[in-house]
């Protein structure tokens with residue numbers, strides 16, 4: 001773990017687990033339990049993991065989950081889930097989350113619209129609005145195109161972003177790479193092994209798998225190890241190596257994307273050994 005209370009080294013472990021679910025016999029419930037264990041070890045930096053995982057899963061997984069166990073509201077804000085996923089929860093779950101939101105904003109009685117927007121778009125939208133109106137709370141920063149969702153509730157509009165003259169982005173400036181560079185990469189016929197040498201704006205190496213999707217997959221297979229090697233030894237300002245934290249999820253994603261010839265059970269065992277050697281909790285697995 002990065003240190004006792006905060007860990008970014010598992011920030012995309014959910015991506016790896018979903019690949020292993022498809023390629024091995026890893027059960028979805030085991031993945032969920034493992035992510036939950038990881039999150040209980042780290043108070044900051046990875047609070048998104050279970051939310052991202054549940055948003056990627058089919059609704060029937062959430063249905064199975066809710067039948068099997070009580071939902072842990074302390075590590076997942078259900079209002080961060082997609083509206084059709086929120087529909088699967090009970091009204092008691094909605095009330096439990098709303099109680100925390102109302103308690104938190106009890107002093108000024110103003111709730112940020114982003115905190116409840118997905119809930120308002122779910123089948124519980126009217127119940128949430130009725131509760132807000134009854135307790136005389138208001139909503140702050142409602143986008144103009146979503147005013148219809150807060151009919152009957154006092155609200156303030158989201159301020160228009162001030163238009164500022166922005167300088168045109170210079171691709172790969174300071175050794176950084178971005179999804180916005182895709183057209184430049186295509187136009188300049190940049191090698192797949194070359195773009196692997198760049199880190200993103202947070203110094204993470206091997207960040208954006210979508211930048212490889214336009215290459216011929218046969219070429220990516222042929223140069224797979226070179227791509228990973230270049231990413232591992234990418235440099236930031238030529239002073240130090242890029243950060244490796246995203247490799248945990250992005251290497252399995254990349255191998256799956258290009259249909260690389262992988263012994264997936266062996267790779268999964270290596271993955272689990274990494275978790276063990278890194279003192280990452282797997283007791284629930």
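Every number in this text was worked out from the coordinates using simple rules, so none of it is lab data. Note that the coordinates shown come from a computational prediction; the quantities given were computed from them, not determined experimentally. As a convention, Cβ positions derive from the backbone with ideal geometry for all residues, glycine included, and neighbour counts pool all protein chains shown.
Structural remarks
- Of 42, 127, 11, the residue with the greatest mean-square motion in the GNM of the chain, using alpha carbon springs below 10 Å, is 127.
- Treating r as the C-beta distance of residue 22 and residue 145 and R0 as 35 Å, the FRET efficiency rounds to 0.45.
- Spin-label pair residue 90/residue 123, simplified geometry with 7 Å Cα→Cβ offset, distance in nm: 1.5 nm
- Full-stretch length increase - residue 47, residue 130 - with 0.36 nm per residue and alpha-carbon distance subtracted: 26.9 nm
- Of the labelled figures (1) 18.9, 56; (2) 17.9, 56; (3) 22.1, 64, only one reflects Rg and Dmax of the Cα atoms in Å as derived from the coordinates, namely (3).
- Estimated from the Cβ-Cβ distance and a Förster radius of 45 angstrom, the FRET efficiency linking residue 168 and residue 63 is about 0.40.
- Residue of 202, 264, 244 that the Gaussian network model of the chain assigns the largest fluctuation, springs spanning Cα pairs under 10 Å: 202
- For residue 71 and residue 107, the difference between the fully extended length at 0.36 nm per residue and the C-alpha to C-alpha distance is 10.1 nm.
- Selected from 197, 223, 256 as most flexible by GNM, with the chain as the system and alpha-carbon contacts under 10 Å: 223
- Within the chain, DSSP assigns beta bridges of which about 35% are antiparallel (rounded to the nearest 5).
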